[in-house]
């Protein structure tokens, strides 16, 4: 009996192996062929390989992703941070492209690389993703690992990766939306051709919103912390991490920020350490935003050209109360204070009320 079983088992084992090999061959044969065609291999080598997502602390809207597992898809990698006004103005385009092309093979990954310490907090990024109604994957690159692998230096910066994992296009900053979308369409058409699918790409372009006329803006982005100082504070010899009692300059210069009250000069912000203080700036732009926050529910009372704001020029974060234009500052984010009608020179004064108010930047539109 033993010798008979010994003879039968090898045949049974061989039959099982043949079945497994046949099953694997069948499954592989059903996969779409997205390998690099031989005649295009030389042409492909002139493009850089896309680095992987590395050092990511948390993922939002997605399980952890790898570039290799996205082979066969067109991938748009967008480096952004949630308080960057230039990034914020690109989000409607990204959302529309995600909606239009995700079922055609486009995958968008927003790599959130923070500029300020508070932007590293998962809860803050998650709230921003929900507030802006982003549905695509967002990766928290808090330690700049993926940022450095892509040799990136800018917010926002978009990279388009083809189905073979090569970077075929990139764009820095705002604008070039039609050019970028045409490249998305081109790469998706290449994908469909490789998969022997009919071209079902909608050729209509996403309609642009009213852009800022950057040539008309006469004031650069202004940083308050000593790690980011670009020479736009109207004082010299400030000591890092020290508290100073500031006074407004009676003869201010345009594009220099002046303060009143007791403020602490922190690494990435100015922090109000008294009960109240003021910020004063002569600028040339249409819109004025600040990146600010407070853990004590501070308020910012805004004045434009010495007058309270009104319904024609107040920003989206300003409400009128008892004739005053007030923004409640609690969350650490971007606040739109002024939404003006022209690019003339103006004066903005912000009276900050509440110890612990922190201001990080002025940005303009």
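Candidates are the residues of region 236-245 that are in a loop (DSSP other than H, G, I, E, B) and without any contact (Cβ under 8 Å) to a residue 24 or more places away in the chain; the one that is nearest to residue 262 (Cα to Cα) is 242. Here is the figure for region 246-270: residues that are assigned to a strand (DSSP E or B) and surrounded by 19 or more Cβ atoms within 10 Å (Cβ to Cβ) total 9.
Residue under question is residue 134, and the condition is that it be assigned by TED's automatic domain parsing to the domain that holds residue 84, in contact (Cβ under 8 Å) with a residue 24 or more places away in the chain, assigned to a helix (DSSP H, G or I) and within 14 Å of the chain's Cα centre (by Cα); does it hold?
Details: assigned by TED's automatic domain parsing to the domain that holds residue 84: yes; in contact (Cβ under 8 Å) with a residue 24 or more places away in the chain: yes; assigned to a helix (DSSP H, G or I): no; within 14 Å of the chain's Cα centre (by Cα): yes.
Against the criterion (assigned by TED's automatic domain parsing to the domain that holds residue 84, in contact (Cβ under 8 Å) with a residue 24 or more places away in the chain, assigned to a helix (DSSP H, G or I) and within 14 Å of the chain's Cα centre (by Cα)), residue 134 does not qualify.
The test for being more than 15 Å from residue 224 (Cα to Cα), surrounded by 15 or more Cβ atoms within 10 Å (Cβ to Cβ), out of contact with any helix residue (DSSP H, G or I) (no Cβ under 7 Å at 6 or more places or on another chain) and modelled with pLDDT of 95 or more holds for residue 326. Against the numbered list (1) more than 29 Å from the chain's Cα centre (by Cα); (2) more than 27 Å from residue 115 (Cβ to Cβ), residue 313 comes up short only at (1).
When you check residue 316 against the structure, is it closer than 21 Å to residue 357 by Cα, part of a loop (DSSP other than H, G, I, E, B) and either in contact with a strand residue (DSSP E or B) (Cβ under 7 Å, 6 or more places away or on another chain) or not assigned by TED's automatic domain parsing to the domain that holds residue 245 (or both), yes or no? So residue 316 passes the test. Residue count for region 65-99, restricted to those that are assigned to a loop (DSSP other than H, G, I, E, B) and free of Cβ contacts under 8 Å to residues at least 40 places away in the same chain: 1.
The values are calculated or read from the model by the stated rules, or taken from the named source; none is laboratory data. Model, not experiment: these values are computed from the prediction. Every residue, glycine among them, receives a Cβ derived from its backbone with ideal geometry; neighbour counts consider all protein chains shown.
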